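The values are calculated or read from the model by the stated rules, or taken from the named source; none is laboratory data. As the structure is a computational prediction, the values presented were derived from the model and not from experiment. No Cβ is skipped: glycine too gets one built from the backbone with ideal geometry, and neighbour counts run over all protein chains shown.
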Amino acid sequence: MSRVNILGLGPGSKSYILPITSALIAQSQVIIGAKRNLASLDFETQEQIELNSNLSEIKEYIIQHKEAKRIAVVVSGDTGFYSLLNYLKSFLTPAEINVVPGISSLQYLYARLGLSYNNAHFTSLHGRNNDFLTLIKKYESVGILTDQKSTPAAIARVLYDNNLQDIYVHVGERLSYPDEKITRLTVSEALSYTTEKINVVVIAKE
Ligand SMILES: C[S@@+](CC[C@H](N)C(=O)[O-])C[C@H]1O[C@@H](n2cnc3c(N)ncnc32)[C@H](O)[C@@H]1O
C-alpha cells in the first residue's frame, strides 16, 4: 500500500527543503499544495492540484485515489505546527500516512535572530485567537504566526494597551525568499508598521 506523504517544505526557499522531501516529491505522481508551496517545487511529470478553499474536494480526491496513486501533500514550514496534518488525519489512518517534518517559519526566524527557544512559546493568530498576553508574561519570548487581521501592528496595539512596552517586536517577512525582511521594532514603532507580505512575529525581551 502506498502511503500519502505529508511533507513540510520549510519557510519557502528551495534551499530549505530537506533532501528526503525532494526525493519523495520526485517519486510522487500527484502533488497537492497551496499555490505558494507548489511554487517552491520543481515539477517533472507530476500532476499538481492547488489547494485553496477546496478542502472537501481534496479530501474526496485523496480517498478515491490513495490506493492507486502516489500522493504527496505539501505544507509550509513544519507539518506539526498549524498545518493541514490534523485535517488529513480526520480521514486517513496513521498507517496510511508518512509525515516528514520541515523547518517552521518561527524556527527559521529564531535562528536568523540568533535566539534560542528554550524558554519560548510558539502560537498562532492565523485565523484564530490566542491569549499571547498571558504567554508573554510567562515566557522569555513568544513566536506568533500572523494573518491579515492579526498583523504586527495589531499585536503591538495589545502590548501597548497593556503597558508591555519594555519589549521588542521582531517582524520576519517572506522568510528565506530573496526579498526576506527582518525588522526589530519597539512596541511604539510597531504600532504603525504596515506590511502586505506574509510574516511572523517574535516578541522578545532582547
Ligand atoms: C497556516 S500557517 C503554517 C505555519 C507552518 N506550518 C510553519 O511551521 O511555519 C501560515 C503562517 O505561517 C507563517 N509563514 C509561513 N511561511 C512564512 C514565510 N516564509 N515568511 C513569513 N511567515 C511565514 C505566516 O504567519 C503564515 O500566515
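Residue-level check: of (1) surrounded by fewer than 19 Cβ atoms within 10 Å (Cβ to Cβ); (2) over 16 Å from the mean Cα position of the chain (by Cα); (3) under 21 Å from SER15 (Cα atoms), ALA72 misses just (1).
If only one of GLY102, GLY127 is modelled with pLDDT under 95 and in contact with an Asp or Glu (Cβ under 7 Å, 6 or more places away or on another chain), which one is it? Before the answer, list the steps.
On the way: GLY102 fails: modelled with pLDDT under 95.
Only one candidate passes the filter, namely GLY127.
From the list ILE155, ILE144, ILE136, pick out the single residue that is under 18 Å from THR183 (Cα atoms) and over 16 Å from the mean Cα position of the chain (by Cα). Can you show your working first?
Working: ILE144 fails: over 16 Å from the mean Cα position of the chain (by Cα); ILE136 fails: under 18 Å from THR183 (Cα atoms).
Among ILE155, ILE144, ILE136, only ILE155 is under 18 Å from THR183 (Cα atoms) and over 16 Å from the mean Cα position of the chain (by Cα).
Taken as a whole, the structure places ARG184 among residues that are more than 15 Å from the ligand (Cβ to nearest atom), surrounded by fewer than 20 Cβ atoms within 10 Å (Cβ to Cβ), among the basic types (Lys, Arg) and modelled with pLDDT of 95 or more. Right, LEU55: at pLDDT 95 or above, among the aliphatic types (A, V, I, L, M) and within 14 Å of the ligand (Cβ to nearest atom) or not? Against the criterion (at pLDDT 95 or above, among the aliphatic types (A, V, I, L, M) and within 14 Å of the ligand (Cβ to nearest atom)), LEU55 qualifies. Residues that are free of Cβ contacts under 8 Å to residues at least 40 places away in the same chain and more than 25 Å from LEU145 (Cα to Cα) number at least 2 in the following helices (runs of 4 or more DSSP H) confined to segment 1-76: 19-27, 55-65. Considering segment 176-199, the residues that are in contact with a Pro (Cβ under 9 Å, 6 or more places away or on another chain) and in a strand (DSSP E or B) include one that is farthest from ALA111 (Cα to Cα), namely LEU185. With the condition kept exactly as written, say whether any residue in segment 134-146 is over 30 Å from ILE71 (Cα atoms) and within 9 Å of the ligand (Cβ to nearest atom). Yes - at least one qualifying residue is present in segment 134-146.
For segment 85-102, a residue qualifies if it is more than 8 Å from the ligand (Cβ to nearest atom) and either within 29 Å of LYS181 (Cβ to Cβ) or not in a helix (DSSP H, G or I) (or both), and the qualifying residues are LEU85, SER90, PHE91, LEU92, THR93, ILE97, ASN98, VAL99, VAL100, PRO101.
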